[in-house]
């Protein structure tokens, strides 16, 4: 398994942001992680990537327990959080050199050139990140997440705020990355999930509400659309 989450719980005071959820992702899967705002998606992703500690349960990435060896896990993961953490006074290439140094990468010049080409940043590579459009800022975040060639990608709403053309381009990039990497990404765009995902995980109020392929979900819900299934699973009071 590339990602294995077992009985994961995260408390904020008396509130359970994540409530005893378990799931796993196989190598090469693209899995959509869905839920309404406040469902616990970002908290779960932060635990998987080692940025938050769980109150209970475990997260294992590529066979490594996140709590026992978080640095080793970070070498395996490329993470793009919802709030893309860029240094706006740094130039694109300067920022990527900084990220490469953090990872201790050899042959930085060639790797940066390759990743800039991969994510379509070439026309903007000499600008400061603060001068870029939302779409190109997301590309810089993706470039930083991909630079060390991780086995697993965790992307928290990577297409938020992008225009339709940019969404299509980032969607295609994720689809291509999924050919040899495991991808877990959250989104509110259900058409995006239908376009590129092998499987869907839905959480609601911190609990696992569904986990299966689109066909499995539709078969289990009388052939309803993903939109209808999502609405039914996330508007109940259970």
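Simple spin-label model, 7 Å along Cα-to-Cβ: residue 176 to residue 6 in nm?
3.8
I'd like the FRET efficiency for residue 131 and residue 24, computed as 1/(1 + (r/R0)^6) with the beta carbon distance as r and R0 of 45 Å, rounded to 0.05.
Working: r = 41 Å, r/R0 = 0.92.
My answer for the efficiency is 0.65.
Rounded to the nearest 0.05, what FRET efficiency is calculated for residue 231 and residue 110 with R0 set to 45 Å and r the Cβ-Cβ distance?
Values: r = 48 Å, r/R0 = 1.06.
Here the calculated transfer efficiency is 0.40.
Contact order normalised by length for the chain, with contacts defined as Cα pairs under 8 Å and 6 or more residues apart; what percent is it? Mind showing how you got there, number by number?
Values: 450 pairs, mean separation 61.7, N = 238.
This gives 26 percent for the chain.
Count the DSSP beta bridges whose two residues both fall in the chain, then state the antiparallel fraction as a percent rounded to the nearest 5. Before the final figure, lay out each step's value.
Values: 20 of 37 bridges.
Once the DSSP bridges in the chain are tallied, antiparallel ones form about 55 percent.
I need the shape label for the stretch 1-44. Rule: rounded when a/c is under 1.5, else prolate if a/b > b/c, else oblate, with a, b, c from the alpha carbon gyration tensor. Let's see the in-between values first.
Values: a/c = 3.57, a/b = 1.71, b/c = 2.09.
Note, shape of the stretch 1-44 comes out oblate.
Using only helices, what value at 222 nm comes out for the chain when you add -39,500 (n - 2.57) per DSSP H run of length 4 or more and divide by the total residues, to the nearest 500 deg cm²/dmol?
-11000 deg cm²/dmol
Computed from the coordinates by the stated procedures, all read-outs in this text should not be read as laboratory data. None of these values were measured; they are calculated from a predicted model. Cβ coordinates were reconstructed from backbone atoms using ideal geometry, including for glycine residues, and neighbour counts include every protein chain displayed.
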